[in-house]
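Trainee: Before we start, here is the structure in question, set down as C-alpha coordinates.
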Amino acid sequence: MRRDFVANVSHELRTPVSIIRANAETLLDGALDDRVRSREFVDAMLRHSDRLARLIADLLDLSRIEAGRFPIKPTRLRTAAALKRSVDLVERSARSKGLSIEIRADDDLAVHADPRALDQVVANLLDNAVKYTPAGGHIVVRARSEGREHVRVEVADDGPGIEARHRERVFERFYRVDPGRSREMGGTGLGLAIVKH
(Lines give C-alpha, C1' and ligand atoms only; values in the text may rest on other atoms or scores of the structure.)
Protein backbone atom coordinates (compact mmCIF):
# COMPACT_ATOMS: atom_id res chain seq x y z
CA MET A 1 0.00 0.00 0.00
CA ARG A 2 2.84 2.38 0.88
CA ARG A 3 4.64 1.56 -2.39
CA ASP A 4 1.46 2.30 -4.38
CA PHE A 5 0.98 5.56 -2.48
CA VAL A 6 4.55 6.71 -3.17
CA ALA A 7 4.18 5.75 -6.85
CA ASN A 8 0.93 7.70 -7.14
CA VAL A 9 2.34 10.77 -5.38
CA SER A 10 5.42 10.67 -7.61
CA HIS A 11 3.26 10.50 -10.72
CA GLU A 12 0.98 13.31 -9.54
CA LEU A 13 3.99 15.54 -8.77
CA ARG A 14 5.98 14.68 -11.90
CA THR A 15 3.34 15.83 -14.41
CA PRO A 16 2.95 19.48 -13.32
CA VAL A 17 6.68 19.80 -12.60
CA SER A 18 7.47 18.57 -16.14
CA ILE A 19 5.01 21.02 -17.68
CA ILE A 20 6.34 23.96 -15.64
CA ARG A 21 9.91 23.06 -16.58
CA ALA A 22 9.12 22.63 -20.30
CA ASN A 23 7.32 25.99 -20.40
CA ALA A 24 10.17 27.75 -18.57
CA GLU A 25 12.74 26.25 -20.97
CA THR A 26 10.64 27.31 -23.98
CA LEU A 27 10.42 30.86 -22.63
CA LEU A 28 14.19 30.99 -22.06
CA ASP A 29 14.80 29.61 -25.56
CA GLY A 30 13.20 32.65 -27.17
CA ALA A 31 9.43 32.44 -26.64
CA LEU A 32 9.76 35.22 -24.08
CA ASP A 33 9.98 37.70 -26.97
CA ASP A 34 6.57 36.65 -28.37
CA ARG A 35 4.08 38.53 -26.16
CA VAL A 36 1.07 36.36 -27.07
CA ARG A 37 2.78 32.97 -26.80
CA SER A 38 4.80 33.91 -23.72
CA ARG A 39 1.60 34.79 -21.88
CA GLU A 40 0.18 31.34 -22.74
CA PHE A 41 3.30 29.63 -21.38
CA VAL A 42 3.24 31.68 -18.17
CA ASP A 43 -0.49 30.99 -17.75
CA ALA A 44 0.16 27.23 -18.07
CA MET A 45 2.96 27.50 -15.51
CA LEU A 46 0.62 29.28 -13.09
CA ARG A 47 -2.15 26.66 -13.53
CA HIS A 48 0.24 23.79 -12.90
CA SER A 49 1.90 25.48 -9.93
CA ASP A 50 -1.61 25.92 -8.45
CA ARG A 51 -2.19 22.20 -9.06
CA LEU A 52 1.07 21.41 -7.22
CA ALA A 53 0.09 23.68 -4.33
CA ARG A 54 -3.32 21.96 -4.01
CA LEU A 55 -1.70 18.53 -4.10
CA ILE A 56 0.85 19.44 -1.42
CA ALA A 57 -1.84 21.04 0.80
CA ASP A 58 -4.03 17.93 0.47
CA LEU A 59 -1.10 15.61 1.23
CA LEU A 60 -0.21 17.63 4.32
CA ASP A 61 -3.82 17.69 5.53
CA LEU A 62 -4.22 13.94 5.00
CA SER A 63 -0.93 13.28 6.79
CA ARG A 64 -1.96 15.43 9.78
CA ILE A 65 -5.40 13.79 9.92
CA GLU A 66 -3.97 10.25 9.83
CA ALA A 67 -1.34 11.11 12.46
CA GLY A 68 -3.97 12.58 14.76
CA ARG A 69 -2.37 16.03 14.49
CA PHE A 70 -5.29 17.75 12.81
CA PRO A 71 -6.74 19.62 15.78
CA ILE A 72 -10.47 19.10 16.11
CA LYS A 73 -12.26 21.66 18.29
CA PRO A 74 -15.96 20.90 18.15
CA THR A 75 -18.40 23.67 18.86
CA ARG A 76 -22.12 24.21 18.33
CA LEU A 77 -22.75 25.48 14.80
CA ARG A 78 -25.84 26.51 12.92
CA THR A 79 -25.87 23.93 10.14
CA ALA A 80 -27.39 26.16 7.45
CA ALA A 81 -24.73 28.86 8.07
CA ALA A 82 -21.94 26.26 7.95
CA LEU A 83 -23.24 24.88 4.65
CA LYS A 84 -23.49 28.41 3.25
CA ARG A 85 -19.78 28.99 4.01
CA SER A 86 -18.89 25.85 2.05
CA VAL A 87 -21.13 26.84 -0.85
CA ASP A 88 -19.43 30.25 -0.94
CA LEU A 89 -16.07 28.50 -1.48
CA VAL A 90 -17.24 26.87 -4.74
CA GLU A 91 -19.72 29.51 -5.90
CA ARG A 92 -17.41 31.10 -8.46
CA SER A 93 -16.61 27.83 -10.26
CA ALA A 94 -20.28 26.80 -10.09
CA ARG A 95 -21.38 30.11 -11.59
CA SER A 96 -18.85 29.77 -14.44
CA LYS A 97 -20.63 26.53 -15.45
CA GLY A 98 -24.11 27.97 -14.97
CA LEU A 99 -24.82 25.65 -12.03
CA SER A 100 -27.30 26.45 -9.30
CA ILE A 101 -26.67 25.35 -5.71
CA GLU A 102 -29.55 25.02 -3.28
CA ILE A 103 -29.18 24.65 0.50
CA ARG A 104 -31.93 22.75 2.30
CA ALA A 105 -31.46 22.98 6.05
CA ASP A 106 -33.70 24.32 8.79
CA ASP A 107 -32.37 27.54 10.29
CA ASP A 108 -32.65 26.13 13.81
CA LEU A 109 -30.78 22.88 13.03
CA ALA A 110 -27.45 22.82 14.86
CA VAL A 111 -24.49 20.46 14.79
CA HIS A 112 -21.62 19.91 17.22
CA ALA A 113 -18.56 19.97 14.92
CA ASP A 114 -15.21 21.55 14.21
CA PRO A 115 -15.96 24.48 11.85
CA ARG A 116 -12.77 24.10 9.76
CA ALA A 117 -13.14 20.32 9.40
CA LEU A 118 -16.82 20.60 8.47
CA ASP A 119 -16.04 23.32 5.92
CA GLN A 120 -13.32 21.14 4.36
CA VAL A 121 -15.50 18.03 4.16
CA VAL A 122 -18.52 19.78 2.63
CA ALA A 123 -16.37 21.93 0.30
CA ASN A 124 -14.60 18.80 -1.02
CA LEU A 125 -17.95 17.13 -1.72
CA LEU A 126 -19.25 20.30 -3.37
CA ASP A 127 -16.07 20.65 -5.43
CA ASN A 128 -16.65 17.16 -6.86
CA ALA A 129 -20.29 17.99 -7.54
CA VAL A 130 -19.28 21.15 -9.42
CA LYS A 131 -16.66 19.25 -11.46
CA TYR A 132 -18.98 16.47 -12.57
CA THR A 133 -22.31 18.25 -12.93
CA PRO A 134 -22.97 19.23 -16.56
CA ALA A 135 -23.27 22.91 -17.44
CA GLY A 136 -26.63 24.34 -16.37
CA GLY A 137 -27.13 21.61 -13.78
CA HIS A 138 -28.32 21.72 -10.20
CA ILE A 139 -26.65 20.80 -6.90
CA VAL A 140 -28.48 20.35 -3.61
CA VAL A 141 -26.82 20.44 -0.18
CA ARG A 142 -29.18 19.26 2.50
CA ALA A 143 -28.96 18.61 6.21
CA ARG A 144 -31.46 16.88 8.44
CA SER A 145 -31.60 15.61 11.98
CA GLU A 146 -31.18 11.88 12.48
CA GLY A 147 -32.18 11.13 16.03
CA ARG A 148 -31.22 13.31 18.95
CA GLU A 149 -27.48 13.47 18.38
CA HIS A 150 -26.77 13.18 14.67
CA VAL A 151 -27.12 15.43 11.67
CA ARG A 152 -26.87 13.97 8.18
CA VAL A 153 -25.40 16.22 5.48
CA GLU A 154 -25.79 15.20 1.83
CA VAL A 155 -24.59 16.65 -1.46
CA ALA A 156 -26.57 15.59 -4.53
CA ASP A 157 -26.11 16.67 -8.16
CA ASP A 158 -27.25 15.96 -11.73
CA GLY A 159 -23.88 14.50 -12.70
CA PRO A 160 -23.35 11.07 -14.24
CA GLY A 161 -23.13 9.33 -10.87
CA ILE A 162 -20.69 6.60 -9.92
CA GLU A 163 -21.08 3.05 -11.19
CA ALA A 164 -21.62 0.49 -8.44
CA ARG A 165 -18.28 -1.23 -9.13
CA HIS A 166 -16.39 1.99 -8.23
CA ARG A 167 -18.32 3.02 -5.11
CA GLU A 168 -16.28 0.95 -2.66
CA ARG A 169 -13.05 2.60 -3.82
CA VAL A 170 -13.87 6.28 -4.36
CA PHE A 171 -12.59 7.20 -0.89
CA GLU A 172 -9.14 5.68 -1.55
CA ARG A 173 -6.24 8.05 -2.12
CA PHE A 174 -5.73 8.81 -5.82
CA TYR A 175 -8.52 6.47 -6.94
CA ARG A 176 -10.34 7.93 -9.93
CA VAL A 177 -13.33 6.53 -11.75
CA ASP A 178 -12.11 8.19 -14.97
CA PRO A 179 -8.41 9.03 -14.48
CA GLY A 180 -7.98 11.09 -17.66
CA ARG A 181 -11.06 13.21 -17.09
CA SER A 182 -10.32 13.75 -13.39
CA ARG A 183 -6.79 15.00 -14.04
CA GLU A 184 -7.91 17.38 -16.75
CA MET A 185 -10.52 18.79 -14.32
CA GLY A 186 -7.76 19.57 -11.84
CA GLY A 187 -8.48 17.17 -8.99
CA THR A 188 -5.69 15.88 -6.76
CA GLY A 189 -7.29 12.49 -6.14
CA LEU A 190 -7.18 13.12 -2.37
CA GLY A 191 -10.37 15.10 -1.71
CA LEU A 192 -12.61 12.13 -0.90
CA ALA A 193 -9.86 10.43 1.15
CA ILE A 194 -9.72 13.62 3.26
CA VAL A 195 -13.53 13.59 3.54
CA LYS A 196 -13.48 9.98 4.79
CA HIS A 197 -10.74 10.53 7.36
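The values are calculated or read from the model by the stated rules, or taken from the named source; none is laboratory data. What you see is a predicted model, and the numbers here were worked out from it, not measured in a lab. Backbone-built Cβ (ideal geometry, glycine too); neighbour counts: all protein chains shown. SASA here: full protein model, heavy atoms, side chains in, ligands and nucleic acids out. Shrake-Rupley method; radii C 1.70, N 1.55, O 1.52, S 1.80 Å.
Trainee: Anything in region 90-132 that is outside any helix (DSSP H, G or I) and among the acidic types (Asp, Glu)? List them, or say none.
Mentor: Once the filter is applied, which keeps residues that are outside any helix (DSSP H, G or I) and among the acidic types (Asp, Glu), region 90-132 yields Glu102, Asp106, Asp107, Asp108, Asp114.
Trainee: Quick test for you: out of Glu146, Glu102, Glu172, pick the one residue that is open to solvent by 30 Å² or more (accessible area, probe 1.4 Å) and within 21 Å of Ala193 (Cα to Cα).
Mentor: Exactly one residue qualifies, and that residue is Glu172.
Trainee: Follow-up. Restricted to region 49-79, and to residues that are in a helix (DSSP H, G or I), among the basic types (Lys, Arg) and touching a residue at least 24 places away in the same chain (Cβ under 8 Å), which residue is surrounded by the fewest Cβ atoms within 10 Å (Cβ to Cβ)?
Mentor: Arg54
Trainee: Can you confirm whether Val111 is touching a residue at least 60 places away in the same chain (Cβ under 8 Å), surrounded by 12 or more Cβ atoms within 10 Å (Cβ to Cβ), of a type outside the set (Phe, Trp, Tyr) and under 23 Å from Lys73 (Cβ atoms)?
Mentor: Against the criterion (touching a residue at least 60 places away in the same chain (Cβ under 8 Å), surrounded by 12 or more Cβ atoms within 10 Å (Cβ to Cβ), of a type outside the set (Phe, Trp, Tyr) and under 23 Å from Lys73 (Cβ atoms)), Val111 does not qualify.
Trainee: Going by what's in this entry, would Leu46 be described as assigned to a helix (DSSP H, G or I), open to solvent by 90 Å² or more (accessible area, probe 1.4 Å) and under 30 Å from Gly136 (Cβ atoms)?
Mentor: Taking the combined requirement at face value, the residue satisfies it.
Trainee: Would you point out which residue out of Val17, Val87 is closer than 18 Å to Asn128 by Cβ, open to solvent by less than 90 Å² (accessible area, probe 1.4 Å) and not in a loop (DSSP other than H, G, I, E, B)?
Mentor: Val87
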